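Have a look at the structure below before the remarks.
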Amino acid sequence: MRLFFGFLAVLILCSVNVKSQDFISAKDFMAELKKNKELVVIDANTAENYGKRHVKGAINIPHKELYNETEIKGLLSSPEKLAEYFGEKGVSNTDAIVVYDDGSSKFNSRVYWVLKYLGAENVKLLHKDIEKSWRAARIPLTPGPSKPKAKTFTVKLNKSIYATMDDVKAGNAIFVDARSASEYNGTSEKPVSKGHIPDAINIEYKKFLQDNGNFKSKEEIEALAKKHGLTPDKAVILYCETSVRACPVFVALTSVGYGNVKVYDGAYNEWVTDPNNPTVK
């Protein structure tokens with residue numbers, strides 16, 4: 001009996017680990033595409049990139065269309081506007097969704113995080129690798145636009161993954177700056193950087209990715225996190241210039257079991273608009 005319960009515990013643990021891995025291989029994606037005619041595929045590239053070649057049936061949702069037109073670049077639109085936008089695009093919060101981008105893992109991670117924040121229940125990430133895995137899986141590509149029917153997207157905000165400026169000022173988490181070292185140090189001229197948020201550590205998002213833009217292995221991600229003092233029991237807040245580059249780090253950490261990770265949506269751009277907020281070089 002003891003052996004049975006031990007075996008059951010292992011099965012439960014494994015199922016939790018698998019569930020936390022919101023990645024889908026090209027082969028599995030193709031199988032799901034054939035099986036599930038209701039699968040929603042999102043191309044997170046620019047309209048120009050989408051128009052050249054994309055997965056047949058994919059909906060184009062560039063991450064830049066998800067923001068407010070304010071002086072703070074990259075700040076998300078309200079949940080109500082986002083729900084309306086996704087609904088008009090043919091995306092529901094209950095759909096099975098797969099998101100891909102240009103292969104950098106920046107833009108699909110951003111759209112993934114936005115969808116998870118809004119309460120989408122089933123979202124996976126597909127890495128774009130046309131010449132190898134996509135070609136082997138025979139994923140159909142086309143330049144023709146898709147015309148999906150509008151749906152209803154019901155917002156169920158997941159506030160546990162969203163950080164505000166007040167959360168940052170509270171100082172109850174480890175801050176991770178996902179920008180380049182020059183931006184973090186305040187020596188970057190493009191984009192111009194005054195430095196970083198006090199007490200933030202610098203782990204550029206690219207360190208969580210392979211050379212081709214795909215995510216590194218579970219073991220590599222865990223080792224990198226541990227090297228910088230990040231452990232699953234600690235609260236983590238991520239940011240970059242607009243928090244686009246923070247989202248691949250969010251995906252990486254949550255995929256290996258970090259359960260208290262937030263993205264500071266306002267990011268560096270919002271932080272420096274307040275003259276009372278210090279920056280460190």
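The values are calculated or read from the model by the stated rules, or taken from the named source; none is laboratory data. These figures come from a predicted structure and were not determined experimentally. Neighbour counts are summed over all protein chains in view; Cβ atoms, including those assigned to glycine, are modelled from backbone coordinates with ideal geometry.
Worth pointing out:
- Boolean, residue 184 is assigned to a loop (DSSP other than H, G, I, E, B), buried (at least 18 other Cβ atoms within 10 Å of the Cβ) and out of contact with any Phe, Trp or Tyr (no Cβ under 8 Å at 6 or more places or on another chain): no
- Residue match in the stretch 220-227 (condition: among the hydrophobic types (A, V, I, L, M, F, W, C), surrounded by fewer than 23 Cβ atoms within 10 Å (Cβ to Cβ) and under 22 Å from residue 118 (Cα atoms)): no
- The residues on offer are 243, 217, and the sole one that is more than 20 Å from residue 116 (Cβ to Cβ) and either at pLDDT below 95 or hydroxyl-bearing (Ser, Thr, Tyr) (or both) is 217.
- Total residues in the stretch 236-276, condition surrounded by 15 or more Cβ atoms within 10 Å (Cβ to Cβ) and not in a helix (DSSP H, G or I): 20
- Residue list for the stretch 213-235, filter: of a type in the set (A, V, I, L, M, F, W, C) and either touching a residue at least 60 places away in the same chain (Cβ under 8 Å) or assigned to a helix (DSSP H, G or I) (or both): 215, 221, 223, 224, 225, 235
- Only residues that are assigned to a loop (DSSP other than H, G, I, E, B), modelled with pLDDT of 95 or more and out of contact with any Gly (no Cβ under 7 Å at 6 or more places or on another chain) were counted in the stretch 109-158, giving 7.
- Residue identified as in contact with a helix residue (DSSP H, G or I) (Cβ under 8 Å, 6 or more places away or on another chain), at pLDDT 95 or above and not assigned by TED's automatic domain parsing to the domain that holds residue 46 among 199, 166, 177: 177
- Considering only residues in the stretch 46-89 that are of a type in the set (Val, Ile, Thr) and farther than 19 Å from residue 162 by Cα, the one that is surrounded by the fewest Cβ atoms within 10 Å (Cβ to Cβ) turns out to be 70.
- Annotation: of all residues in the stretch 84-108 being among the aromatic types (Phe, Trp, Tyr) and assigned to a helix (DSSP H, G or I), the one that is farthest from residue 34 (Cα to Cα) is 85.
- Pairs linking a residue in the stretch 172-188 that is within 16 Å of residue 266 (Cα to Cα) to a residue that is at pLDDT 95 or above and of a type in the set (Gly, Ala, Ser), with Cβ atoms under 7 Å and 6 or more positions apart or on different chains, are 175/200; 176/200; 177/200; 178/246.
- Residue, nearest to residue 66 (Cα to Cα), within the stretch 200-248, restricted to residues that are hydroxyl-bearing (Ser, Thr, Tyr) and touching a strand residue (DSSP E or B) at 6+ places or on another chain (Cβ under 7 Å): 243
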